[in-house]
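Inspection log for the structure reproduced underneath, given as structure tokens.
The values are calculated or read from the model by the stated rules, or taken from the named source; none is laboratory data. As the structure is a computational prediction, the values presented were derived from the model and not from experiment. Quick reminder, even Gly has a Cβ in these numbers, built from the backbone with ideal geometry, and neighbours come from all protein chains shown.
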């Protein structure tokens, strides 16, 4: 290290030529929000100077902007349905070279074994994956998942130095009540001087006060301007989420001002592979924010320097001496059209494609490719008894949001059992335990995913990742569930006994082992199959479906143990007492 530092300073002072000099570029200065038209000198992967330089290698920027690479403030790689190596092949050409990744999806299936796989699979790839060790596995005691991650295990991972911080703390009752196990997890992070991510969905100001008191420094669950402001007033960073199911940017953009923008960061959280390929990652958030009226340079600052400072990554986030040479060539500040991507001074992507693929994929442990264990069931297990008055609690979804509404509606009943109604958009929703053959099957009524004949199903169901399905009839749901069980995990569209399209996800029931291009083709086939069962909208019903079993996001959800009222934080019967 001593020799490297001496070499860098020799290049900075021009006593020896720089390794690389970039000429004819417009450097984006994220400190002053201005453009610098000077040479950029690079030595041993780091920026060593801005000015007039000579170098062993000269790169002609041809008048393009030299932009700091982007950082995703909160992402679950598993939601892209591919492992880290393939994820890098998608997002790095989009300008994202660092992600704060919380692998709590795979942890809920396989515990520390899953976390260690994600750590190992993230090594030696062009994407810097900062692993945030999951804090809430299981997320709550109101559902059954596949594993538990304890405070002791979290402390051990910190001591090994393979994880960067503590992932989103979504079990807010444990935080507010100061429960021992949660406090130990928070202390493990504090004692190791690590960042703690928040997940303050629906918390009032008193809850936010408690969160901040516990040392939780950021949150990605602000969905209104008022919620974002309350977090900013308490010194938290606001991670503005723009994913597939949850799109909060438009609601929060007016909160961002020149006075508070430095506390605002972008995050994708959960974004489907087809959206990453079609729209982009953080680069899509940048373009949208600019289109909504924010200053382009300030938006780029949010996507780079702000994120680096939020997560205390001192050598990333800017084009300046002492920073890693992670930068992009872009033609326009408005379109953010990325021409090429450099990591530590080496070109890794150009014209939207990775130049050299990430190293060979890591073979996952056998336990991760054999994770679907369901107790045998018959079609009668999918029935939902209804009391005489026919009023039931109904989960209402809304496109672009992972929050649901809690409705009470009258439903059709046949032989004392709920009968789905296409006319009333009242579908049957199923969540079945799939980790330990417990035999639990939760049944509820769903409104908001319109279809006319068939079912959709997935083994991706946040956060416990049981089997989740919805449909117009029991036959379609039954065959859909059995199909993904036979795949060892996956996603499918089924009509009656016919499988119209499916995607195999054998890695923990969450990820494919195929190249992302092939996975994307399968996802498009699923989109086509959706039309065959009468789903004609443009939003993604699978990601919406995957959040219907998450009992920490208001207002009404379904777990394998039954219907869950998030506001009351307890299970309730499907039938309503209200006449």
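When 210, 222 are checked against the criterion of being crowded, with 16+ Cβ neighbours inside 10 Å and under 17 Å from the mean Cα position of the chain (by Cα), 222 stands alone in meeting it. From 528, 509, which residue is under 18 Å from residue 468 (Cβ atoms) and either touching a strand residue (DSSP E or B) at 6+ places or on another chain (Cβ under 9 Å) or surrounded by fewer than 21 Cβ atoms within 10 Å (Cβ to Cβ) (or both)? Result: 509 is the single residue among 528, 509 that is under 18 Å from residue 468 (Cβ atoms) and either touching a strand residue (DSSP E or B) at 6+ places or on another chain (Cβ under 9 Å) or surrounded by fewer than 21 Cβ atoms within 10 Å (Cβ to Cβ) (or both). Do the conditions hold for residue 145, that is, is it touching a residue at least 24 places away in the same chain (Cβ under 8 Å) and either assigned by TED's automatic domain parsing to the domain that holds residue 202 or in contact with a helix residue (DSSP H, G or I) (Cβ under 7 Å, 6 or more places away or on another chain) (or both)? Criteria met by residue 145.
Restricting region 544-554 to residues that are touching a strand residue (DSSP E or B) at 6+ places or on another chain (Cβ under 9 Å) and in a helix (DSSP H, G or I) leaves a set whose member that is farthest from residue 460 (Cα to Cα) is 545. Please go through region 226-240 and give me each residue that is within 18 Å of residue 309 (Cα to Cα) and touching a strand residue (DSSP E or B) at 6+ places or on another chain (Cβ under 8 Å), ordered by number. Across region 226-240, the qualifying residues are 231, 232, 236, 237, 238, 239, 240. Among the residues of region 486-543, what is the count of those that are without any contact (Cβ under 8 Å) to a residue 24 or more places away in the chain and part of a strand (DSSP E or B)? Result for region 486-543: 3.
When residue 170 is tested against (1) modelled with pLDDT under 95; (2) surrounded by fewer than 21 Cβ atoms within 10 Å (Cβ to Cβ), exactly one condition is not met: (2).
For residues that are in contact with a helix residue (DSSP H, G or I) (Cβ under 9 Å, 6 or more places away or on another chain) and either part of a strand (DSSP E or B) or modelled with pLDDT under 95 (or both), tally how many sit in region 431-445.
The first filter runs over region 431-445 and keeps only residues in contact with a helix residue (DSSP H, G or I) (Cβ under 9 Å, 6 or more places away or on another chain), leaving 432, 434-435, 439, 441, 443.
Among the residues that remain, those that are also either part of a strand (DSSP E or B) or modelled with pLDDT under 95 (or both) are: 432, 441, 443.
Matching residues across region 431-445 total 3.
Of the residues contained in region 429-442, none is found to be free of Cβ contacts under 8 Å to residues at least 12 places away in the same chain and surrounded by fewer than 17 Cβ atoms within 10 Å (Cβ to Cβ). When residues in region 469-488 are screened for being buried (at least 24 other Cβ atoms within 10 Å of the Cβ) and out of contact with any helix residue (DSSP H, G or I) (no Cβ under 9 Å at 6 or more places or on another chain), 3 of them pass.
Among the residues of region 173-191, what is the count of those that are surrounded by 24 or more Cβ atoms within 10 Å (Cβ to Cβ) and at pLDDT 95 or above? Reasoning before the result, please.
Initial filter on region 173-191 (surrounded by 24 or more Cβ atoms within 10 Å (Cβ to Cβ)): 175, 185, 189.
Those still in the list that are at pLDDT 95 or above too: 185, 189.
Residues that pass the stated criteria total 2.
Applying the condition of being in a strand (DSSP E or B) and closer than 13 Å to residue 75 by Cβ to region 263-275 and asking which residue is farthest from the chain's Cα centre (by Cα) yields 265. For region 22-79, the strands (runs of 3 or more DSSP E) that sit wholly inside it and include 1 or more residues that are farther than 19 Å from residue 335 by Cα and either modelled with pLDDT of 95 or more or in the same structural domain as residue 264 (by TED's automatic domain parsing) (or both) are 34-36, 39-43, 46-51, 55-60, 70-75. Screening 168, 162 for residues that are in contact with a strand residue (DSSP E or B) (Cβ under 6 Å, 6 or more places away or on another chain) and either closer than 19 Å to residue 361 by Cα or assigned by TED's automatic domain parsing to the domain that holds residue 211 (or both) leaves exactly one candidate, 168. Condition check: closer than 30 Å to residue 120 by Cβ, under 33 Å from the mean Cα position of the chain (by Cα) and free of Cβ contacts under 8 Å to residues at least 40 places away in the same chain. Does residue 101 satisfy that? Criteria met by residue 101.
Checking region 415-430 against the condition returns no match, with no residue being under 24 Å from the mean Cα position of the chain (by Cα) and assigned to a loop (DSSP other than H, G, I, E, B). Quick check on region 455-465. Is at least one of its residues at pLDDT below 95 and in the same structural domain as residue 562 (by TED's automatic domain parsing)? The answer is yes; a qualifying residue exists.
Considering region 192-205, and only residues there that are touching a residue at least 24 places away in the same chain (Cβ under 8 Å) and out of contact with any strand residue (DSSP E or B) (no Cβ under 6 Å at 6 or more places or on another chain), the residue that is surrounded by the fewest Cβ atoms within 10 Å (Cβ to Cβ) turns out to be 205. Out of all the residues in region 276-290, is one or more crowded, with 24+ Cβ neighbours inside 10 Å, at pLDDT 95 or above, touching a helix residue (DSSP H, G or I) at 6+ places or on another chain (Cβ under 7 Å) and in a loop (DSSP other than H, G, I, E, B)? Yes, some residue in region 276-290 is crowded, with 24+ Cβ neighbours inside 10 Å, at pLDDT 95 or above, touching a helix residue (DSSP H, G or I) at 6+ places or on another chain (Cβ under 7 Å) and in a loop (DSSP other than H, G, I, E, B).
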